[in-house]
Every structure is written in C-alpha cells, then in structure tokens.
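Undergrad: The structure follows.
The values are calculated or read from the model by the stated rules, or taken from the named source; none is laboratory data. Please read these numbers as outputs of a predicted model, since none were measured by experiment. Don't worry about glycine lacking a Cβ; one is built from the backbone with ideal geometry, like all the others, and counts go over all protein chains shown.
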C-alpha cells in the first residue's frame, strides 16, 4: 500500500508540473519586413513608453481596446491586429492589450517594436 | 524424501517477480520525471495578468526577463548574446520543447521582442508570452 501511495504522489507531482504554465501566443513579423506589414488590412495599435495606447489617431484606455476591436472586427472580420510597442513600453501594458484583443475576438496578433 | 527435495528445488527456481517489477516501475517513473521536468527560470517575476492565457502543456523551457533587463534560463542568468547558444543546446537536447517567456510586468517590450526573436533564431519556433490567470 505504501508503494501505491508513493506512486500516486509521484503521479500527481508530474501532472502538476505539466499544467502549470500559461501563455499568450503572438506572431512576430519576419525580419526586415516591418514596413510592408503596416500597409495591409490589419488594425494598428501603438503602445507608447509612457503607457498611452493609440488606435488609429486616438488615445484609448486599455479597457476601451476590447470595444474598439469588436467594432473593427465587425467591419472587417478577417483583419488581424498589429501591435507596435515602443522599446521602452512596459510588458504589463502589452500583455493587457493582447488580452483585451483576445477578448475582442481576434487571435491573429503580430507583435513588433519601434523606436 | 523424494517429494521434499523436489518441492525445495522448485522454490529455488521460482524467483519472486513482484519486488523487481515494483523497482523497475519506480525507475521508469523516475526517468520520466527527470526528462520531462520544466527547465525553470530560477527567479521570481511578477507576471502580468491575462484572462485569455492558454495552458501550455509542453511549454517547458522558461525564459525569465526581469524588470532590470536580466535574462534567466535554467536557473542561470545569461547575457542576451549567449541566449541563442543556450537555446540551441536545449533545442538539440529536446527538439519537441516549446518556450515560454515569463516577462516581468515592468520589463521593457523591446527586451521581450529581442528575446523572442533570439529564441526563434535558436530553433524553437513555438514561443509564448507567459501570463498569470486574472483574479
């Protein structure tokens, strides 16, 4: 019985280790082609170093990203999202934006940096 | 007399397989654990929260990016220039592994992008940005 309990313990340790990590998948543009990507049918979101989020020509709050994405994807359901973050932008903000875009229904996200 | 000797001989020949089986099973489990163990980053980082984070079952190379730009992999700090070599070595060891970048909330997006590109250049195409479940 002790053997059995030990095996059970080991089994649970293994499964606990396997399911631990959570992640968000994003695409990266192929090297040296950032300029071309900006021209296509994608929704652009810019994240500045000071935490401002720009969609089109407006500053939006992180909580408003979802609504904007939903509207844009209703207009053009096939569009992907291009996130252009400044090099000094915080990862926390970037991940929040990716999360909001996911909630808005778009999983085709390309992440690139500028400046 | 004849029958007694016969029975003792049969006892000598019949090896009890049960303990050996247990031992082999434990050995097997031990090797499964050691080979499939997550390559932990070795530092604690404050992960950003995300509602839509997916569970990554085979994501077992963790690359940590701290808020000061340090990169930790396999419990050692590495320079961004050494990272590619480290990733290539890990990729050769276990080609089916995928990577998860666990970046601190306060780390810089440029650093995360650079690490992501380096991991891809090192041969691991499946890279995710780590997040904690919200709430």
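Undergrad: What residue, of A:84, A:98, is assigned to a strand (DSSP E or B), touching a strand residue (DSSP E or B) at 6+ places or on another chain (Cβ under 8 Å) and under 26 Å from residue B:66 (Cβ atoms)?
TA: Just a single option satisfies the conditions, and that option is A:84.
Undergrad: Same structure again: Give B:63, B:43 a once-over and let me know the one that is at pLDDT 80 or above, more than 8 Å from chain A (Cβ to nearest Cβ), within 12 Å of residue B:103 (Cβ to Cβ) and surrounded by 12 or more Cβ atoms within 10 Å (Cβ to Cβ).
TA: Checking each option against the conditions leaves just B:63.
Undergrad: Might you check whether a residue that is at the interface with chain A (Cβ under 10 Å from one of its Cβ atoms), part of a loop (DSSP other than H, G, I, E, B) and under 12 Å from the mean Cα position of the chain (by Cα) occurs anywhere in region B:86-108?
TA: No, that holds for no residue.
Undergrad: Could you list, in sequence order, the residues of region B:109-132 that are in contact with a helix residue (DSSP H, G or I) (Cβ under 6 Å, 6 or more places away or on another chain), surrounded by 22 or more Cβ atoms within 10 Å (Cβ to Cβ) and more than 7 Å from chain A (Cβ to nearest Cβ)?
TA: Hits for region B:109-132 are B:119, B:127.
Undergrad: Whether any residue in region B:12-21 is out of contact with any strand residue (DSSP E or B) (no Cβ under 8 Å at 6 or more places or on another chain) and either at pLDDT below 75 or at positive phi (or both) is what I want to check.
TA: yes
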